[in-house]
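Below: the structure, in structure tokens.
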Amino acid sequence: MSKNTENAEVYLRFKNVTKKFGNITAVSNVNLDIHKGEIVGFLGPNGAGKSTTMKMLAYLLRPTEGEIFIRGNGKLEKLTSKNKDYLLDNIGFLIENPFFYGNMTPREILSYFGELKGYPRSKIKQRVEDVVAMVHMMDWIDVKIGKFSKGMRQKIGVISALVHDPDIIVLDEPHTGLDPTARKMVRELILKLSDMGKTIFLSSHLLYEVSEVADRVAMINFGEIIACDTLEKLEEMAKKSEIQMELLEIPEAGIEDTIKNLDQIIGQHTGLDNKKDYIRFNPDTEIFEILFNGDPKNQLDIFKALFAAGIDVIEFSVPKAGLLEDLYLDFMDESENGESSKARTKEHYQKNAGDIKV
């Protein structure tokens with residue numbers, strides 16, 4: 001369940017941010033508030049403007065138009081050349097595929113980053129050991145990084161963003177190169193940091209990982225934010241979601257006849273305008289996949305109808321991971337094939353993330 005952070009302090013603000021490279025607009029009029037303790041997932045295809053946006057936040061690039069604000073010393077301040085050093089000290093950055101010198105150890109690397117960011121020298125040794133313990137790598141703290149696997153280096157990259165104990169953490173593809181166990185560990189670490197009040201801006205191509213941790217999702221395409229809200233609100237906007245249902249056993253009548261029977265039972269409760277192929281059967285998982293309009297009342301009505309008809313349902317769920325993937329593809333497709341998506345999302349987006357007064 002997404003946390004309610006609407007009334008929390010804003011820690012990051014993008015106000016009308018645009019970046020142009022000659023005649024090419026890489027980022028266009030981005031408006032986004034990120035609040036204390038919130039995890040915001042940043043999604044988009046390659047070339048959509050994600051990395052450019054994050055580079056502007058890190059002051060590696062400067063906006064052509066617009067302003068970026070970061071909370072420092074208890075107030076929201078515009079990022080400029082004069083205050084960038086101390087404002088950026090309050091942010092921990094993980095860039096995609098971080099590079100470390102192979103002849104140095106995690107203790108040496110992390111101690112250096114801590115000192116560079118102004119962490120108290122007398123406390124650095126303990127802090128380094130604490131963050132290394134977070135990723136269960138204490139046995140490797142004094143081993144040269146040249147001996148590490150790609151996944152182990154990535155874990156060091158993640159904690160390098162934490163070592164100076166910043167309030168804001170920006171993670172660009174933190175799950176790159178990690179096996180499922182390590183991804184789960186990083187996922188749990190992100191949630192733990194959020195519970196501690198850290199503010200997290202997360203970019204990832206792994207939609208499942210984002211769906212498991214993000215309080216809100218911002219989708220960007222062609223440099224523009226095309227949707228920004230909780231998964232539940234995006235679901236309402238798209239008027240589409242999916243129920244996954246498993247039966248005790250497949251009826252002898254067969255799949256096609258079972259689907260026809262299910263259609264007669266639940267068809268009136270889906271809330272869909274177009275019900276073509278809205279019930280599918282996945283032979284690999286033996287799961288029925290049922291599309292509906294995403295309204296919780298319709299979901300309940302479908303369940304009641306199945307129960308009343310005596311259908312032997314042993315599993316009934318609306319998985320978030322599949323939902324995010326479907327919503328992502330829908331929003332991207334509409335943004336690339338017409339203005340309908342922009343028209344539909346503009347008013348909703350401005351209400352939730354844009355037209356910000358400073």
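The values are calculated or read from the model by the stated rules, or taken from the named source; none is laboratory data. Note that the coordinates shown come from a computational prediction; the quantities given were computed from them, not determined experimentally. Counting neighbours? That spans all protein chains shown, and the Cβs are built from the backbone with ideal geometry, glycine included.
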Requested in this report: Kindly indicate which of 27, 40 is in contact (Cβ under 8 Å) with a residue 60 or more places away in the chain, closer than 23 Å to residue 189 by Cα and not acidic (Asp, Glu).
Outcome: 40
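Residue-wise test of (1) on the phi < 0 side of the Ramachandran plot; (2) free of Cβ contacts under 8 Å to residues at least 60 places away in the same chain; (3) within 26 Å of the chain's Cα centre (by Cα).
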residue: 72; (1), (2), (3): yes, yes, yes
residue: 85; (1), (2), (3): yes, yes, no
residue: 89; (1), (2), (3): yes, no, yes
residue: 92; (1), (2), (3): yes, no, yes
residue: 96; (1), (2), (3): yes, no, yes
residue: 106; (1), (2), (3): yes, yes, no
residue: 109; (1), (2), (3): yes, yes, no
residue: 119; (1), (2), (3): yes, yes, no
Query raised in the report: Does at least one position in region 205-220 carry a residue that is of a type outside the set (A, V, I, L, M, F, W, C), modelled with pLDDT of 90 or more and not in a loop (DSSP other than H, G, I, E, B)?
Result: yes
Query raised in the report: Does residue 100 satisfy the criteria of being touching a residue at least 60 places away in the same chain (Cβ under 8 Å), of a type in the set (Phe, Trp, Tyr) and assigned by TED's automatic domain parsing to the domain that holds residue 17?
Result: no
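Per-residue answers, yes or no, for (1) more than 25 Å from residue 172 (Cα to Cα); (2) surrounded by fewer than 21 Cβ atoms within 10 Å (Cβ to Cβ); (3) of a type in the set (D, E, K, R):
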| site | (1), (2), (3) |
| --- | --- |
| 195 | no, yes, yes |
| 202 | no, no, no |
| 212 | no, yes, yes |
| 220 | no, no, no |
| 254 | yes, yes, no |
| 262 | yes, no, no |
Query raised in the report: Just for region 63-95: of the residues that are touching a Gly at 6+ places or on another chain (Cβ under 9 Å) and in a loop (DSSP other than H, G, I, E, B), which one is modelled with the lowest pLDDT?
Result: 95
Requested in this report: Could you check how many residues of region 118-161 are assigned to a loop (DSSP other than H, G, I, E, B) and surrounded by fewer than 18 Cβ atoms within 10 Å (Cβ to Cβ)?
Outcome: 9
Query - Test result for residue 42, in a strand (DSSP E or B), in contact with a Lys or Arg (Cβ under 7 Å, 6 or more places away or on another chain) and crowded, with 22+ Cβ neighbours inside 10 Å - result: yes
Query raised in the report: So which residues in region 73-104 are touching a helix residue (DSSP H, G or I) at 6+ places or on another chain (Cβ under 8 Å), surrounded by 13 or more Cβ atoms within 10 Å (Cβ to Cβ) and farther than 23 Å from residue 203 by Cα?
Result: 77, 104
Report task. Six or more apart or on different chains, Cβ under 6 Å: which pairs go from a residue in region 158-182 that's over 19 Å from residue 210 (Cα atoms) and assigned by TED's automatic domain parsing to the domain that holds residue 89 to one that's of a type in the set (S, T, N, Q) and part of a loop (DSSP other than H, G, I, E, B)? Could you list them? Result -> 166/90; 167/90
Query raised in the report: Would you pick out the residues in region 221-257 that are free of Cβ contacts under 8 Å to residues at least 24 places away in the same chain and either in a helix (DSSP H, G or I) or closer than 16 Å to residue 278 by Cα (or both)?
Result: 256, 257
Query raised in the report: How many residues does region 291-303 hold that are assigned to a helix (DSSP H, G or I), of a type outside the set (Val, Ile, Thr) and surrounded by 12 or more Cβ atoms within 10 Å (Cβ to Cβ)?
Result: 5
